[in-house]
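Working notes for the structure below.
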Amino acid sequence: MLIAGNARAQSSRERNFQTCLSGRYPALCNRTLLTPEQAKQATLAEKRENLKTCMTGRYPSLCDHDRLAEDERAAVAAAEHRENVRTCLTGKYPALCNHSLLTPEERPRVQAAESAENLRICLDGRFPGLCNRSLLSNDQEEMVVAAEARAAPARRKLEAAVAARRSSGDCDSHSIEAIEGDGKIIKLDDGSMWEVDDVDTVTTSIWLAASEAVVCRGRMINSDDDESVGVTPVGRVGSATKTSSSRPSYVVQAAANDETFVINDEIFKAKTYCFNFEKGDRVIFVSGSPNGSCSSAQLLNLRTEKMCSVWCE
């Protein structure tokens, strides 16, 4: 029994060392089980993984800048600036653009991109609530008024269809509480979550929280924008089941862009990416809570046997 106990302890130490050596999960690394040499290797691995995250430029809040060397900080600053400019120049996400980081040469280009994107939305005529009229010239304002007039019959037709379905009891009215995963997952005020059809995520990605939404037989209608998209309810298929590890496992009910997941009717967001975590996979919560009552969690995918760190909503 003593030999068996020593073997288990050695196996536990080896697994811990492999976790530490990945550098991806500092919170799961028990440094008290490491030798001084192993601790040095773990520190180098964590710095390597941190630098990898930082060098994408996409996640400044997830980058531990204090762990960067002087030459690395310059490279990371350049990467973050590059990604900010890329986001700004789409013109689609003014709230995500850090205008204070733009150079004097970049600011006019970003302003032009935001004005062009705003004009495109305004000239569609279907989304008066999303049109920033303060950015329009007098000529553009006249064009937008005409576009909205042309779109008015379609809006009235949609409103009439919604009213008819409401009166028939086929529809439920709610307000949108959150839109996640670039429009892939929508959470309503009653706590229900809906997975948007892939072809419609372009539409829902620009919807706004607090908008009124009507759900009618597989369609969700944004009453503020007069848009309709295909949706599927994310039901409680994620009830816990026991696994050989004695921990309960949960089904990934929905997944979007390797970043956003619905598990146990709660939304979790990857700290970087959870590659190959797919809808239908079962996961174990190594740390954190499946009820979302946590700041972060560690997930183990039972299909791929890969770990991933997520933020809890």
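Summary of values
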quantity	calculated
Among (1) at pLDDT 85 or above; (2) within 20 Å of G292 (Cα to Cα); (3) assigned to a loop (DSSP other than H, G, I, E, B), the one test that G238 misses	(1)
Residue ID - modelled with the lowest pLDDT, chosen from residues in region 121-136 that are surrounded by fewer than 17 Cβ atoms within 10 Å (Cβ to Cβ) and under 22 Å from H99 (Cβ atoms)	L130
Filtered residue count, region 197-224, keeping only those that are touching a strand residue (DSSP E or B) at 6+ places or on another chain (Cβ under 7 Å), assigned to a loop (DSSP other than H, G, I, E, B) and under 21 Å from Y93 (Cβ atoms)	5
Scan of region 55-78 for residues that are within 22 Å of L96 (Cβ to Cβ) and either part of a helix (DSSP H, G or I) or in contact with a Pro (Cβ under 8 Å, 6 or more places away or on another chain) (or both), ordered by number	M55, T56, P60, S61, L62, H65, V76, A77, A78
Test result for T260, among the β-branched types (V, I, T), under 17 Å from the mean Cα position of the chain (by Cα) and at pLDDT below 85	no
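Every residue, every condition in (1) part of a helix (DSSP H, G or I); (2) among the polar types (S, T, N, Q); (3) surrounded by fewer than 18 Cβ atoms within 10 Å (Cβ to Cβ); (4) not assigned by TED's automatic domain parsing to the domain that holds N138, yes or no:
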position	(1), (2), (3), (4)
A27	yes, no, yes, yes
A39	yes, no, yes, yes
T53	yes, yes, no, yes
L119	yes, no, no, yes
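The values are calculated or read from the model by the stated rules, or taken from the named source; none is laboratory data. Bear in mind that the values here come from a model prediction, so they are computed numbers and not experimental data. Positions of Cβ are generated from backbone atoms using ideal geometry, with glycine treated the same way; all protein chains shown enter the neighbour counts.
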